[in-house]
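Report on one structure; see the data block that follows.
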Amino acid sequence: MLNIIRYSQIVGLVAVDGATAEYLGEIQDVWVNDAGQIVYLSCPRGYIPLLQVAGVSTQAVSTYGHLAVTPPSGLHRLHQLPVQSPLQQSRGRIEDFLFDWHTGEIAAYILTGDIAAPASKPTLQRFATSEVPTTHHRVVLAPDDVKTITVDAIVLESDVTDRFRSEAEGLKDFLSEKRHPVRQLVHELSDRLHDLVSPHDPPEVVRVKIKTVGDEMAAYHDHQALKEAIDFLHTQWESLQQQIRRASNRAQHALESAWEHLTGKPS
């Protein structure tokens with residue numbers, strides 16, 4: 001849950017080479033392969049392999065190294081992709097989606113159009129500067145309810161509309177849906193806990209370490225936002241341990257990949 005972000009939240013973030021601090025421009029799009037997994041981000045300088053992404057915050061995307069200047073083959077976009085029923089009738093589109101930037105797996109699709117109307121009611125636009133009711137319908141589609149994904153459309157399983165959920169209900173447990181200050185504090189807490197939490201720590205030890213770091217931050221952060229961030233991490237202690245373990249593995253793989261790209265030799 002800690003590494004899941006909305007497409008609409010990552011597009012527009014500044015991309016920076018973490019090794020050189022070189023500015024790469026803003027993230028322009030997110031690309032999937034034929035299996036429906038996120039594999040690249042794109043920016044004005046080229047294509048960033050997801051495995052080369054070092055971190056994603058509320059302000060920036062940092063990378064470990066090389067970009068692909070030319071588009072790799074077999075990539076396509078999910079945003080605004082038409083949604084079809086099993087009878088091949090186009091009834092909507094993908095307005096947004098959530099994905100795990102560590103693994104590339106899609107966590108949820110947000111659909112709009114006629115297909116969404118029966119199961120949804122107008123909701124608040126959560127990320128605007130002021131919260132106002134939207135006039136279009138949106139529903140959450142689970143990845144398991146997708147039959148196939150092509151460059152032309154996403155085809156749903158039969159009777160899937162019975163399993164649609166509202167945005168508020170379907171996404172309530174994701175960090176991406178928390179208020180911006182809360183998300184920012186979760187990132188800061190996670191960074192501070194990176195060298196403190198061991199993959200073998202039991203739950204009660206992880207929670208004590210979360211509280212300890214949170215108490216250290218209390219003097220210079222909004223107390224309500226900090227409490228929400230700490231409470232969220234308390235429920236996501238296992239995800240935090242996985243994130244720390246994955247981060248170390250990703251760094252090693254990224255360095256090996258960058259070395260092979262530069263030298264043409266395996267590390």
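The values are calculated or read from the model by the stated rules, or taken from the named source; none is laboratory data. Fair warning: this is a prediction, and the values are worked out from it, not measured in the lab. Note that each Cβ is placed from the backbone with ideal geometry, even for glycine, and that neighbours are counted across all protein chains shown.
For the stretch 79-91, which positions are at pLDDT below 90 and either of a type outside the set (S, T, N, Q) or assigned to a strand (DSSP E or B) (or both)?
GLN84, PRO86, LEU87, SER90, ARG91 - these are the residues of the stretch 79-91 that are at pLDDT below 90 and either of a type outside the set (S, T, N, Q) or assigned to a strand (DSSP E or B) (or both).
Among the residues of the stretch 34-48 satisfying the criterion of being closer than 14 Å to THR63 by Cβ and not hydroxyl-bearing (Ser, Thr, Tyr), which is surrounded by the most Cβ atoms within 10 Å (Cβ to Cβ)?
Result: LEU41.
Is it the case that PRO202 is surrounded by fewer than 16 Cβ atoms within 10 Å (Cβ to Cβ) and either among the aliphatic types (A, V, I, L, M) or more than 16 Å from the chain's Cα centre (by Cα) (or both)?
Considered against the rule, which asks whether it is surrounded by fewer than 16 Cβ atoms within 10 Å (Cβ to Cβ) and either among the aliphatic types (A, V, I, L, M) or more than 16 Å from the chain's Cα centre (by Cα) (or both), PRO202 comes out as yes.
In the stretch 1-78, which strands (runs of 3 or more DSSP E) lie fully inside it and hold 3 or more residues that are under 30 Å from HIS234 (Cα atoms)?
Per the criteria, 4-6, 53-56, 60-63.
Restricting to the stretch 207-228, name every residue that is in contact with an Asp or Glu (Cβ under 8 Å, 6 or more places away or on another chain) and either buried (at least 18 other Cβ atoms within 10 Å of the Cβ) or charged (D, E, K, R) (or both).
Scanning the stretch 207-228 gives a single hit, LYS209.
Report yes if some residue within the stretch 16-33 is of a type in the set (Asp, Glu), modelled with pLDDT under 95 and surrounded by 17 or more Cβ atoms within 10 Å (Cβ to Cβ); otherwise report no.
Within the stretch 16-33 (the criterion being of a type in the set (Asp, Glu), modelled with pLDDT under 95 and surrounded by 17 or more Cβ atoms within 10 Å (Cβ to Cβ)), the answer is yes, since at least one residue qualifies.
Residues that are charged (D, E, K, R), in the same structural domain as GLU105 (by TED's automatic domain parsing) and within 30 Å of SER85 (Cα to Cα): which helices (runs of 4 or more DSSP H) entirely in the stretch 141-253 hold 1 or more of them?
Answer list for the stretch 141-253: 167-170.
Quick one: VAL83 ticks every box in (1) touching a residue at least 60 places away in the same chain (Cβ under 8 Å); (2) over 15 Å from THR150 (Cα atoms); (3) among the β-branched types (Val, Ile, Thr) bar one, so which box is it?
Single failed check for VAL83: (2).
Can you run down the residue pairs with Cβ atoms below 6 Å, 6 or more apart or on separate chains, where the first is in the stretch 17-36 and touching a residue at least 40 places away in the same chain (Cβ under 8 Å) and the partner is of a type outside the set (A, V, I, L, M) and assigned to a loop (DSSP other than H, G, I, E, B)?
Correct list of pairs: LEU24/ARG45; ASN33/GLY74; ASP34/GLY74.
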